[in-house]
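To keep things clear, I will list the structure first and then write my remarks on it.
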Amino acid sequence: MTTAIAADNFTTLPADSNQALGIAEYAIDFMKGRLGDGPAPSVWQRTEQFHTDSVFCGISALALGCNAPTVLRNEALDYPANTNEKGACVFGSTERVKPEKAVVANSCAVREWDSNGTNFGYNPALNHTAGEFGHNDFYPVVVAACQELNLDGRTALRAMILVDEIRGRLAEVFSLKSYKIDHVVHGAIASAAVYGALHGATAQQIESAIGMVVAHYIPWRAIRAGKQLSDSKGASAAISSEVAVLSMKRAMKGFLGPRDIFRNPEAIFRFFEPTSTGNERWKEMSPAPFDLVLAHSGEDFAVMGMHFKLGLYEHQSAGAIQGIIDLVAKNPSLLADAGKSIARIEIAAYEPAFGIIGNPSKMNPTTRQSADHSMAYIIATLLRKAIEFSAKSGPLPIAGGANDGIWKAIMLSPYDYKEDDSALNHPLTRALMQKIAFRHGGAEYDAKYPDGIPTSLTITDASGNKHDSGFVMYPAGHARNTTADLNDILDHKFRLLAGLAVKNPESALKQLTNLTAKPAADIQKMYEFDIEVRGGFA
């Protein structure tokens, strides 16, 4: 047994304990409902929203013919389940395939647009502020297991809460990006634990699977480097979740992976953050670099601190998007004369936003994957849409505490990144991009991230007047935003993306909501969408 400490609504796995085994025991107990009173209703609701968001991102990417999701979906269909196994389904199919293949296909589709949820790894109450990114890409692991085992919706949603809790808390205590390792490692660890817990694996088997994931399958951030990004960026979570399932299946068949991986001196955690010096660094029983605190009851789950993208954009740009929306709501004259009323746009933000989406190479993106990581492109496109809306339909709708009406009216969709003259090479977008100057705001901004998305934006109009957004910290979609009607804006986003993929978005929405009341038969059919393949984004 581990030396896990249970207190109130949390289980703490101390640094000097076997945390891999502790995660395994926690996952098993959480799924069996043996830890406290369980998650509050708000946690169930929020997790269902993140799952719904991810699925509509996924099926719309398939409908528009995105390359990597299409390749991996076709691959999955080449791996049918054996006659003695139930298998799982890829989006839009009733055919049963190997669960790991359904997982890699569906997770890749979910991540393709880079538009589903984000965590920032920030928990100041515990002083756990490692600040690792992460995304809600791993729900297909849960659904595949539930389809294999004929489990109901409440079990599925509980497992989704669990996968977000494990990966979200790991993101708070260990920054993978600091060592050029991709953030999906935390999700892979969570995926192995949750898949195993659903399948009735022992704690020791889950520990072995976690050990295999960490010892054999560490992805480097090389997949995110370069001027124009490849399919590997969007498929990273998918491939890591695939190997997590494979590792868990092997462990359940008797394969023994490395034990006590968080304290292993040559695994990533202690190798990059040694907990002893000199020769003592290699002492096997030195502690891990962190305590790990995992919720089991109440409202304070990691998922409640995760953030929604209200459209397609890199999350680091959300503060600037809110700034633009607020400025055009207050000064509609900025949208006059087809953009000529705007002379200059100055944006200041924090690191890593400046480094990630302000890189000079991002001033001339030539692919969708690079454009959605270009601050200049994102803001210029948003302004172009606002200008076009104003010219065609009149004043922008400014209803809502965060100008929610504008968020909905000009929400960025996949078509705003199409690699043609309608989007990526639109002359007005390109002209507006040339007016944008993006700078690092310095220590004042850096100190406020990842608590918020600290950004300020100033527009100088053609007459030389300056319009200042002020300091933006918590834009709409941010977990600490209190002004936006999040449910209303999300409802618009869900229907926007669903409408790209299926004839009846309302029916699709019903398949994904009220999960706690859905019987196992509904979970079997949950991803059976009649996807209309339109192509255009291969």
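The values are calculated or read from the model by the stated rules, or taken from the named source; none is laboratory data. Everything numeric in this text was worked out from a predicted model, so none of it was measured. Positions of Cβ are backbone-derived with ideal geometry, glycine not excepted, and every protein chain shown enters the neighbour counts.
If you go through the range 45-61 one residue at a time, do you hit one that is in a loop (DSSP other than H, G, I, E, B) and closer than 16 Å to LEU310 by Cα?
no
Among the residues of the range 281-316, which ones are out of contact with any Ser or Thr (no Cβ under 7 Å at 6 or more places or on another chain), in a helix (DSSP H, G or I) and modelled with pLDDT under 95?
The answer is ARG281, TRP282, GLN316.
Could you tell me whether any residue of the range 517-534 is in a loop (DSSP other than H, G, I, E, B), in contact with a Leu (Cβ under 8 Å, 6 or more places away or on another chain), basic (Lys, Arg) and more than 30 Å from SER175 (Cα to Cα)?
Within the range 517-534, one or more residues are in a loop (DSSP other than H, G, I, E, B), in contact with a Leu (Cβ under 8 Å, 6 or more places away or on another chain), basic (Lys, Arg) and more than 30 Å from SER175 (Cα to Cα).
Check VAL142 against each of (1) assigned to a helix (DSSP H, G or I); (2) surrounded by fewer than 24 Cβ atoms within 10 Å (Cβ to Cβ); (3) under 19 Å from the mean Cα position of the chain (by Cα) and name the one condition it does not meet.
The number of the failed condition is (2).
Identify, please: which residue in the range 74-120 is touching a residue at least 60 places away in the same chain (Cβ under 8 Å) and of a type in the set (Lys, Arg) and is, among those, farthest from ASP491 (Cα to Cα)?
Among those that are touching a residue at least 60 places away in the same chain (Cβ under 8 Å) and of a type in the set (Lys, Arg), it is LYS86.
From (1) surrounded by fewer than 22 Cβ atoms within 10 Å (Cβ to Cβ); (2) assigned by TED's automatic domain parsing to the domain that holds MET363; (3) part of a helix (DSSP H, G or I), pick out the condition that doesn't hold for ASP488.
(2)
What residue, among those in the range 34-48 that are in contact (Cβ under 8 Å) with a residue 24 or more places away in the chain and out of contact with any Ser or Thr (no Cβ under 9 Å at 6 or more places or on another chain), is surrounded by the fewest Cβ atoms within 10 Å (Cβ to Cβ)?
Once the filter is applied, the top-ranked residue is SER42.
Looking at PHE272, is it buried (at least 20 other Cβ atoms within 10 Å of the Cβ), touching a Phe, Trp or Tyr at 6+ places or on another chain (Cβ under 7 Å) and more than 30 Å from THR482 (Cα to Cα)?
No; evaluated as a whole, the condition is false for this residue.
Examine the range 1-15 for a residue that is surrounded by fewer than 16 Cβ atoms within 10 Å (Cβ to Cβ), acidic (Asp, Glu) and at pLDDT below 95, and state whether such a residue exists.
Yes, the range 1-15 has at least one match.
So which residues in the range 464-485 are farther than 23 Å from VAL110 by Cβ and assigned to a loop (DSSP other than H, G, I, E, B), if there are any at all?
Hits for the range 464-485 are GLY464, ASN465, MET473, TYR474, ARG480, ASN481, THR482, THR483, ALA484, ASP485.
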